[in-house]
Amino acid sequence: MRRRPTCDAPFGREYYQRYYHDPRTAVTSRSEMRARARLIAAGSEHLGLPVRRILEAGCGTGLLRTQLKRLWPRAQYIALEASDYLCRRYGWQHGRIEDYRARTPFDLVVCYDVLQYLDGAAATRALANFSRLCRGALYFSALTRHDFAHNCDVGRTDPDVHLRSARWYRARLTPRFREAGLGLWLRRGAPLTLWELESQ
């Protein structure tokens with residue numbers, strides 16, 4: 001998980017140097033992102049979802065994007081990012097998931113480790129926006145109160161976030177999505193099969 005530095009603007013150069021580029025302090029790895037991408041791809045394939053358009057909200061330094069692009073080289077990939085620094089450095093599309101609009105919905109929407117940075121109103125808008133942007137599968141994860149207490153390395157995790165329960169997120173996702181497990185959600189009404197014992 002991310003820790004916000006005190007030495008530069010939030011999510012600026014020094015933040016990403018410390019937590020993504022410096023191997024001594026990096027909070028994630030290429031191998032972790034490779035495994036996560038394979039999980040997303042396998043789940044999408046299992047659901048029978050043809051992936052031609054992908055939106056990643058909060059794409060960071062592009063570690064997950066790189067892996068997903070290898071798995072779906074022909075898919076259109078929109079890398080959305082709120083950090084001015086990252087957009088300048090990598091050419092990502094500048095924007096925020098709670099406000100982002102698209103003319104055509106995406107087969108796959110990815111939002112990993114982002115919504116804990118949004119206050120309640122913005123996070124609620126973002127979760128509602130998923131249903132407008134996604135026509136197939138959503139891969140979603142956010143740091144929860146339980147995760148912070150029991151699962152994460154608190155020495156490497158940014159405590160300056162909005163900790164909520166998993167129930168809070170699920171209550172806002174389940175009207176439009178069915179939970180398939182391991183972070184994958186299926187858009188209700190999508191012509192895809194999710195077996196009863198594969199869902200939550």
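The numbers here are math on the coordinates, done by the rules we state, and not lab data. In this text the structure is predicted, and so the values were computed from the model without any measurement. A quick note on method: Cβ atoms are made from the backbone with ideal geometry, for glycine too, and the neighbour counts reach across all protein chains shown.
If you scan region 162-200, which residues turn out to be of a type in the set (Ser, Thr, Tyr) and part of a helix (DSSP H, G or I)?
Of the residues in region 162-200, the ones of a type in the set (Ser, Thr, Tyr) are 165, 169, 174, 193, 199.
If the condition is that a residue be of a type in the set (Ser, Thr, Tyr) and part of a helix (DSSP H, G or I), then TYR169 is the only one that fits.
Screening region 143-176 for residues that are farther than 26 Å from ARG24 by Cβ and among the polar types (S, T, N, Q) and picking the one that is surrounded by the most Cβ atoms within 10 Å (Cβ to Cβ) gives THR144. The residue that is surrounded by the fewest Cβ atoms within 10 Å (Cβ to Cβ), counting only those in region 44-59 that are small (Gly, Ala, Ser) and either touching a residue at least 60 places away in the same chain (Cβ under 8 Å) or part of a helix (DSSP H, G or I) (or both), is GLY48. When region 180-193 is filtered for residues that are touching a Lys or Arg at 6+ places or on another chain (Cβ under 8 Å) and surrounded by 18 or more Cβ atoms within 10 Å (Cβ to Cβ), the ones remaining, listed by number, are TRP185, LEU186, ARG187, ALA190. Among residues that are in a strand (DSSP E or B), on the phi < 0 side of the Ramachandran plot and small (Gly, Ala, Ser), ALA149 is not included.
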